[in-house]
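Before any comments, here is the structure.
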Amino acid sequence: MAQFLVKRLVGSFVVLVLVSLMAFAIIWLVPGDPTSAFLDTGATPDQIASLRQQLGLDRPMAVQMLEWYGRIVQGDLGHSILLNRSVTAAIIERLPVTLSLAGLALVFAVVLGVLAGIVAAVHHNKWPDQVVMTLALFGLSVPDFWLGIMLILLFAVKLGFFPTGGYVPFSEDIVGWARAIIMPAMTLAVIQVGFVARMTRASMLEILNQDFIRTADAKGLKRAEIMLRHGLPNALIPILTVGGIVAGALLGGAVIIEQVFSIPGVGRLIIGGILSRDYPVIQGGLLFLAVIYLSVNLVVDILYAVADPRVRLE
Amino acid sequence: MSARLDQPILSVQGLTTALARSHATVLEDISFTIAPGEVVGVVGESGSGKSMLALSLMGLLPSAVRRTAGRIVLDGDELTSGSADHWRETRGRDLAMIFQEPMTALNPVMRVGHQVVEVLRRRRGFSGYEARKEALNLLRLVEIPSPEKRISAYPYELSGGMRQRVMIAIALAADPKVLIADEPTTALDVTVQAQILDLLRKLRRERGLSLLFITHDLGVIAEIADRVMVLYAGRMAEIAPVRRIFDTPQHPYTQALLASIPDMKGPRGRLVTIDGAVPAIGSMLEACRFSPRCPYRHEICERERPPLGLVSGDQAAACFRPFGYERPIEAVS
């Protein structure tokens with residue numbers, strides 16, 4: 001088990017080094033000069049040169065790279081010229097917003113998806129199965145930005161149940177937080193609910209055909225006991241992997257949903273950075289997403305070992 | 001127990017199952033009884049319906065197969081007339097089963113002790129502490145070495161033989177009136193096979209277990225069974241005490257099966273085989289199903305279905321030959 005975790009940690013570290021290298025390389029790979037983002041077109045060569053010096057762009061690439069690694073290991077993602085503040089501070093400030101959005105969406109996706117998948121598998125090829133599968137396909141097919149706009153029109157503009165957008169911190173007002181976050185989280189989750197439901201159904205159907213389910217049946221256990229005690233714990237193992245993928249997709253999706261619902265999260269920060277070529281923000285955002293993604297997958301790996309005793313051996 | 005010695009603990013009458021879609025029969029008119037403490041062996045080739053018989057008795061037929069006729073009575077309780085829930089209640093308490101594949105029959109993510117405890121708690125109302133103690137006793141009874149350690153093992157940590165012992169412990173946890181064993185030793189290697197057979201014989205001696213033992217191995221049958229039922233293509237070919245099956249087999253199929261056992265003592269020759277194959281479900285004859293492979297077939301065999309006729313007091317065969325190719329008068333119920 002310890003060996004298993006060490007292996008995963010080393011793997012994650014390697015990925016992180018590669019991602020940070022890519023983040024560093026953005027400045028060199030993207031066409032156009034970074035300085036043009038900060039200076040207007042009429043800037044003199046002197047102005048450009050002094051900015052390049054200020055940004056450190058005039059030094060050899062190897063030196064810049066060493067500097068870059070030196071900074072990020074200290075948690076310093078650089079200084080956003082547009083915001084005129086530390087990128088690390090800006091991300092940390094917006095972190096709770098994005099985490100509550102993606103986190104709640106993850107809860108919705110897993111709880112609703114697994115429940116729907118179980119219902120479908122238990123009633124395989126009967127009407128509840130067909131209803132669930134049709135809804136799942138619908139959820140997978142509907143673009144989330146469109147769904148978000150429709151939900152805003154219906155529940156916020158027409159019915160007034162929820163605000164049209166914005167965010168209230170959890171610590172200030174729980175009800176306000178819930179009202180602001182439920183609709184975006186639901187919108188974000190819809191695709192993943194469909195995905196998780198389909199995976200759960202397939203996984204359950206496979207497990208329910210196994211010999212040990214027949215053993216459980218031969219024990220005279222009730223159908224619900226068989227499903228929940230013998231079926232689900234086995235079916236959940238592949239679903240855990242799906243959970244990691246879903247968490248990653250939700251973080252990516254949050255970028256769009258934050259835009260649709262005007263939520264001041266990390267996603268909007270990154271989009272703002274991209275649109276204005278604020279390189280430190282883009283680099284910081286990229287690294288941040290990678291760290292979150294790797295952490296989620298590390299957690300999934302640990303859960304994997306908890307759920308499946310066979311993994312602990314390897 | 002409420003059963004008297006003269007009364008069978010399990011009685012099956014006219015059990016018939018068919019595919020739900022095509023109505024092709026899988027088992028046809030199976031009738032037999034098991035007395036308390038008796039071991040009835042069931043032999044037949046692959047596809048003869050052995051496993052279907054076991055699953056029918058458990059009420060665990062796959063959805064593609066239906067029971068279309070017949071009664072199954074367990075210790076005076078007619079399972080076939082009650083609800084599916086009643087049957088479920090009976091399973092894991094009065095009726096238990098061990099399966100062919102010990103490698104896959106246990107839940108891979110549940111500790112084996114818990115899989116025994118589950119039966120004790122859910123089906124027999126033991127408290128947590130009592131159940132654990134009893135589970136240890138059961139693991140000891142099925143001769144699992146250092147059961148205190150193995151009780152918290154996962155199935156993948158045990159060998160095939162150990163897993164089959166756990167399966168037997170699970171079955172015994174129900175304290176069943178009848179235990180059905182569907183090829184319990186087929187998947188194991190020969191020495192382990194012998195150990196498991198010894199164990200089942202010991203349990204039968206010590207606990208008075210009534211056993212329906214399904215196998216394709218006549219050698220195994222000779223070691224454990226009191227009576228033997230020979231199945232062919234979903235029908236009973238013959239049923240008789242084990243000695244009579246080996247000494248005076250009446251059905252040509254039984255005779256052919258016995259002839260195909262390799263002789264380890266005499267000079268080596270070619271293995272004796274039975275020409276042809278068991279007919280597939282859906283393409284079965286109404287007349288004698290063995291007739292296409294039978295060296296003794298007469299014209300009546302290809303026209304009529306031979307009823308199960310009593311050859312002597314305790315031996316019955318579904319063949320016209322012992323009756324001089326006449327319809328036997330007496331049929332066993």
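The values are calculated or read from the model by the stated rules, or taken from the named source; none is laboratory data. Since we're looking at a predicted model, the values are computed, not measured. For neighbour counting, all protein chains shown are included, and Cβ atoms are generated from backbone atoms with ideal geometry for every residue, glycine included. Remember, those area values only see protein heavy atoms, side chains included, never the ligands or the DNA or RNA. Shrake-Rupley method; radii C 1.70, N 1.55, O 1.52, S 1.80 Å.
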> Among residues other than A:SER86 whose Cβ falls under 14 Å from its Cβ, what is the net charge (Lys/Arg +1, Asp/Glu -1)?
Replying inline: 0
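Between chains B and A, what is the buried accessible area summed over both chains (1.4 Å probe, protein heavy atoms, nearest 100 Å²)?
Numbers: alone 15930 and 17130 Å², together 30840 Å².
So the buried area, both faces added, is about 2200 Å².
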> Just going by the charge dipole of the protein assembly as shown, with Lys and Arg at +1 and Asp and Glu at -1 on Cβ, which of B:ASN107, A:ALA307, B:GLY161 is farthest out on the positive end?
Replying inline: B:GLY161
>> Run the lone-cysteine check on the protein assembly as shown: no other Cys C-beta under 4.7 Å from the residue's C-beta.
In response: B:CYS294, B:CYS319
> Using a simple spin-label model with points 7 Å from Cα along the Cα→Cβ vector, what separation in nm is obtained for B:ARG205 and A:ILE48?
Replying inline: 10.0 nm
>> Would chain B count as rounded, prolate or oblate if I go by the C-alpha gyration tensor, calling it rounded below 1.5 in a/c and otherwise prolate when a/b exceeds b/c, oblate otherwise?
In response: prolate
> Could you state the principal axis extents of the C-alpha atoms in the protein assembly as shown, from the largest down, to the nearest angstrom?
Replying inline: 119, 57, 51
> Got a sec? Charge dipole of segment A:2-87, +1 on Cβ for Lys and Arg, -1 for Asp and Glu; which of A:LEU51, A:PHE4, A:THR35 is way out at the positive end?
Replying inline: A:PHE4
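Near B:ARG88, within a Cβ-to-Cβ distance under 12 Å, what is the net charge of the other residues, with Lys and Arg +1 and Asp and Glu -1? If you can, show how the numbers build up before the last one.
Values: positive: A:LYS219, A:LYS222, A:ARG223, B:ARG91, B:ARG93, B:ARG122, B:ARG123; negative: A:ASP217, A:GLU225, B:ASP85, B:GLU89, B:ASP94.
Residues near B:ARG88 contribute +2 overall.
Using +1 on the beta carbon of Lys and Arg, -1 on that of Asp and Glu, and nothing else charged, what's the dipole of the protein assembly as shown about the Cα centre, debye to 20? Walk me through the intermediate numbers first.
Numbers: 62 positive and 58 negative charges, 152 e Å.
Using only the charged Cβ atoms, the result is roughly 720 debye.
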> Which residues in segment B:49-73 have a backbone N closer than 12 Å to a point placed 7 Å from the Cα of B:ARG305 along the Cα-to-Cβ line?
Replying inline: B:69
> What is the distance in Å between the Cα centres of segment B:106-142 and segment A:114-140?
Replying inline: 35 Å
> For labels at A:ILE92 and A:LEU153 in the simple 7 Å Cα→Cβ model, what's the distance in nm?
Replying inline: 4.3 nm
> Hull surface divided by four, with the convex hull built on the Cα atoms of segment A:2-87: how many nm²?
Replying inline: 7.1 nm²
>> Using a 7 Å offset from Cα along Cα-Cβ at A:ILE26, what residues in segment A:254-291 end up with backbone N under 13 Å from the label point?
In response: A:267-291
> Farthest toward the dipole's positive end in the protein assembly as shown, which of A:VAL190, A:LEU269, B:LEU95, given Cβ charges of +1 (Lys, Arg) and -1 (Asp, Glu) about the Cα centre?
Replying inline: B:LEU95
> Where in segment B:111-144 does the amide nitrogen come within less than 12 Å of the point 7 Å from the Cα of B:GLU157, taken along Cα to Cβ?
Replying inline: B:111-114
> So what are the ³J(HN,Hα) numbers for segment A:278-286, from phi and the Karplus equation (6.51, -1.76, 1.60; θ = phi - 60°), rounded to whole Hz, Gly and Pro as x?
Replying inline: 8, 4, x, 5, 4, 4, x, x, 4
>> Compute, for segment A:242-314, the length of the dipole vector about the Cα centre, with Cβ point charges of +1 (Lys, Arg) and -1 (Asp, Glu) only. Units Debye, rounded to 20.
In response: 80 debye
> Based on Cβ point charges of +1 for Lys and Arg and -1 for Asp and Glu, what charge dipole magnitude is obtained for chain B about its Cα centre, in debye rounded to the nearest 20?
Replying inline: 660 debye
> Once phi is turned into θ = phi - 60°, what whole-Hz ³J(HN,Hα) does the Karplus curve with 6.51, -1.76 and 1.60 give for every residue of segment A:95-100, x standing for Gly and Pro?
Replying inline: 4, x, 5, 5, 5, 5
>> Roughly how far apart, in whole Å, are the Cα centres of segment A:73-98 and segment A:141-220?
In response: 30 Å
> For A:LEU66 and A:LEU135 in one chain, what is 0.36 nm times their gap in residues minus the Cα-Cα distance, to one decimal in nm?
Replying inline: 19.7 nm
>> Nearest 5 percent is fine: what portion of the DSSP beta bridges confined to the protein assembly as shown is antiparallel?
In response: 60 percent
>> Let me cross-check B:MET284: its accessible surface, 1.4 Å probe, with only protein heavy atoms counted, in Å² to the nearest 10?
In response: 40 Å²
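Let me make sure I get this right: for segment B:103-175, a, b and c are the square roots of the gyration tensor eigenvalues over alpha carbons, sorted descending. Under 1.5 in a/c it's rounded, otherwise prolate if a/b > b/c, else oblate. Which is it? Please report the intermediate quantities before stating the final value.
Numbers: a/c = 1.62, a/b = 1.45, b/c = 1.12.
Prolate shape, in that a/c is at least 1.5 and a/b is the bigger ratio.
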> Hey, can you list the DSSP H helices of chain B whose Cα span along the axis is 30 Å or longer and whose average Kyte-Doolittle score is at least 0.0?
Replying inline: none
> Taking chain A as a Gaussian network, where each spring joins two C-alpha atoms under 10 Å apart, which residue of A:LEU51, A:LEU240, A:LEU99 fluctuates the most?
Replying inline: A:LEU51
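Within 10 Å of each Cβ of B:98-111, how many other protein chain Cβ atoms are there on average? Walk me through the numbers before you get to the answer.
Working: counts 2, 5, 1, 3, 1, 1, 5, 8, 3, 12, 8, 10, 7, 1.
Per residue, the average neighbour count from other chains is 5.
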>> Rg/Rh for segment A:91-308 to two decimals, with Rh computed the Kirkwood way over all alpha-carbon pairs.
In response: 1.04
